[in-house]
Amino acid sequence: MHVAETAPQVIVELLEAELGEAVSTDPALLQSVRTDKSGWVAPGTPLAVVRARTVDQVQAAMRIAARYRVPVVPRGAGTGLAGGGVGTDGALVISTERMAEVVEVNLADELAVVQAGVINQHLSDLAAPHGLVFSPDPASKAISTIGGNIATNAGGLLCAKYGVTREAILGLLVVLPDGSLLRTGHRSVKGVTGYDLTALFTGSEGTLGIIVEATVRLRPIPPGDVVTIGAFFADLAAAASAAAAITAARIRPAVMELMDSASLVAIDAYSGTRLAEGGAAYLLVQTDARGAADEATAITEILALAGADVRLARDAAEGEALLAVRRNFHPALASRGEVLIEDVCVPRSRLVEMFAAIEDISRRYGISIPTVAHAGDGNLHPNFVLPERPPRPVGGLAGSGAGVDEQWVPDAVWAAADELFQAAVALEGTLTGEHGVGVLKKRWLENEIGPHSLALQRGIKAVFDPQSIMNPGAVF
């Protein structure tokens, strides 16, 4: 028996009988889970939302879904940027947002055990008095969940020096599509027994199972000074070249963020700053740990030789304020309209070429593409501020899965985005450095990884999800 043979209301009643008030069919909630921060709105209406508080509740919901072959969409806080956790038509959305318990903080082993709904920043706040921090720091760390960070292998401003989410995960507890539990990894620093299923689930975007708990590394907060440097440049090429020169000098700053002119204008309008008056591009660099002052001196010399107007933050607090301004980039654009937020990554040595490609695409299509970059690892975020959305048809959008409804995004934007992705891959880069594929980028997946790899990855998914009920339409 499957969902086509069973009335949806019957399945909802079974869920309610098993899970009680954890099940909701509230129309407002069903509408809210159809979208995330990417701007994508899934067509149709989900069957129901399970707002789980316990592992048992997730298991029970998955067993019912498996029995009736109901598609399942795992969801955290809804802060995704690729449409990877949106409630599709007829799907059961299983939310782990209420699973927000920090189960354990082990100071001796420098680890924590957390439920999937714990907010990233909350864990670091708990660990900070003990001199520890959870190092993955996506721009959304104040609102995104650790489960969602793991599902997308999130990065952030510090990842060039301290690693992305995968480097911080020791083990996982996962509810599989049949409702059974799988524990992966270990609490030890090392462990190579069997295949690395922890790494496989990290970045799997809800296509293999639902992550409900994680054992994560906590990193010591670096001792010593923190020095923040702002550098203004007359043009973007000079700024990108300076960032490459810092890397080539074997210097690894904790933060190295590059913002183009359009980004500075948007941030100024939103934050009340005056960055755009300083130049056409801005490089923000922060060093930490012992020797930070010497490292900052070396960086300053490189920047000065590149022709930059270099300014040092007066203290650590001012430096953190500058980072907060950088984190305002996406809210700044969102305040101007709906945004198609892109995410490509190229080798650091080719960052200058990727910026040049974006400028060329912007010029030829007559489209402003404000871009910021984690210059320390070659991860760029080109953005398209879209025109006002026309009235939505009854029953939702009819988009074909490109992330935002194709029927109202101008053709020129899609054409420009297509060229942008092709340019990143041609420069030996990738379609996504940290946001994931979701529904927004799956059409370009095969072009990057090739048909043989795509077939193998679909085969891996089939091993875990033989009924193909997990996050249908996402990634594959």
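The values are calculated or read from the model by the stated rules, or taken from the named source; none is laboratory data. Here the structure is a predicted model, which is why all the values come from computation and not from measurement. Methodologically, a virtual Cβ is constructed for each residue, glycine included, from the backbone with ideal geometry; neighbour enumeration extends over all protein chains shown.
Things worth noting here:
- Residues in the range 163-176 that are modelled with pLDDT of 90 or more and either closer than 29 Å to GLU295 by Cα or surrounded by fewer than 23 Cβ atoms within 10 Å (Cβ to Cβ) (or both): VAL164, THR165, ARG166, GLU167, ALA168, LEU170, GLY171, LEU173, LEU176.
- Per the listing VAL33, VAL23, VAL12, the residue uniquely touching a residue at least 60 places away in the same chain (Cβ under 8 Å) and surrounded by 14 or more Cβ atoms within 10 Å (Cβ to Cβ) is VAL33.
- Those helices (runs of 4 or more DSSP H) of the range 1-86 in which at least 3 residues are closer than 15 Å to MET470 by Cα and touching a Gly at 6+ places or on another chain (Cβ under 7 Å), considering only elements entirely within it, cover 55-68.
- Among the residues listed as SER95, SER124, the single one being buried (at least 17 other Cβ atoms within 10 Å of the Cβ), out of contact with any His (no Cβ under 9 Å at 6 or more places or on another chain), under 27 Å from SER140 (Cα atoms) and without any contact (Cβ under 8 Å) to a residue 24 or more places away in the chain: SER124
- Selection count, the range 36-78, where residues are touching a residue at least 12 places away in the same chain (Cβ under 8 Å) and either within 16 Å of GLU97 (Cα to Cα) or among the basic types (Lys, Arg) (or both): 24
- Some residue of the range 173-185 being without any contact (Cβ under 8 Å) to a residue 60 or more places away in the chain and within 23 Å of ALA321 (Cα to Cα): no
- Considering (1) of a type in the set (D, E, K, R); (2) over 28 Å from GLY337 (Cβ atoms); (3) under 23 Å from the mean Cα position of the chain (by Cα), the lone condition that ASP36 does not fulfil carries the number (2).
- Looking across ASP268, ASP225, one residue alone is in a helix (DSSP H, G or I) and either of a type in the set (D, E, K, R) or in the same structural domain as ILE369 (by TED's automatic domain parsing) (or both). It is ASP268.
- Whenever a residue of the range 322-337 is among the hydroxyl-bearing types (Ser, Thr, Tyr), its partners that are buried (at least 19 other Cβ atoms within 10 Å of the Cβ) and in a helix (DSSP H, G or I), lying with C-beta atoms within less than 9 angstrom and at least six residues away or across chains, give the pairs SER335/ALA266.
- Qualifying residue in the range 226-244 (condition: without any contact (Cβ under 8 Å) to a residue 40 or more places away in the chain, out of contact with any His (no Cβ under 7 Å at 6 or more places or on another chain) and closer than 15 Å to ARG348 by Cβ): no
- Residue that is surrounded by the most Cβ atoms within 10 Å (Cβ to Cβ), among those in the range 243-265 that are assigned to a helix (DSSP H, G or I) and among the aliphatic types (A, V, I, L, M): ALA243
- Checking each residue in the range 140-157 for being β-branched (Val, Ile, Thr) and over 14 Å from ARG327 (Cβ atoms) picks out THR145, ILE146, ILE150, THR152.
- Which numbered condition ALA293 fails, given (1) in a helix (DSSP H, G or I); (2) of a type outside the set (Val, Ile, Thr); (3) more than 30 Å from PRO220 (Cα to Cα): (3)
- In the range 352-372, residue surrounded by the fewest Cβ atoms within 10 Å (Cβ to Cβ) [restricted to those that are aliphatic (A, V, I, L, M) and more than 13 Å from LEU420 (Cβ to Cβ)]: VAL352
- When LEU440, LEU456 are screened for being out of contact with any helix residue (DSSP H, G or I) (no Cβ under 6 Å at 6 or more places or on another chain) and in a loop (DSSP other than H, G, I, E, B), only LEU440 passes.
- Tally of residues being closer than 15 Å to GLY278 by Cα and surrounded by fewer than 13 Cβ atoms within 10 Å (Cβ to Cβ) across the range 291-312: 0
- In summary, LEU420 fulfils each of the numbered conditions (1) closer than 30 Å to LYS161 by Cα; (2) modelled with pLDDT under 90; (3) not β-branched (Val, Ile, Thr) with the single exception of condition (2).
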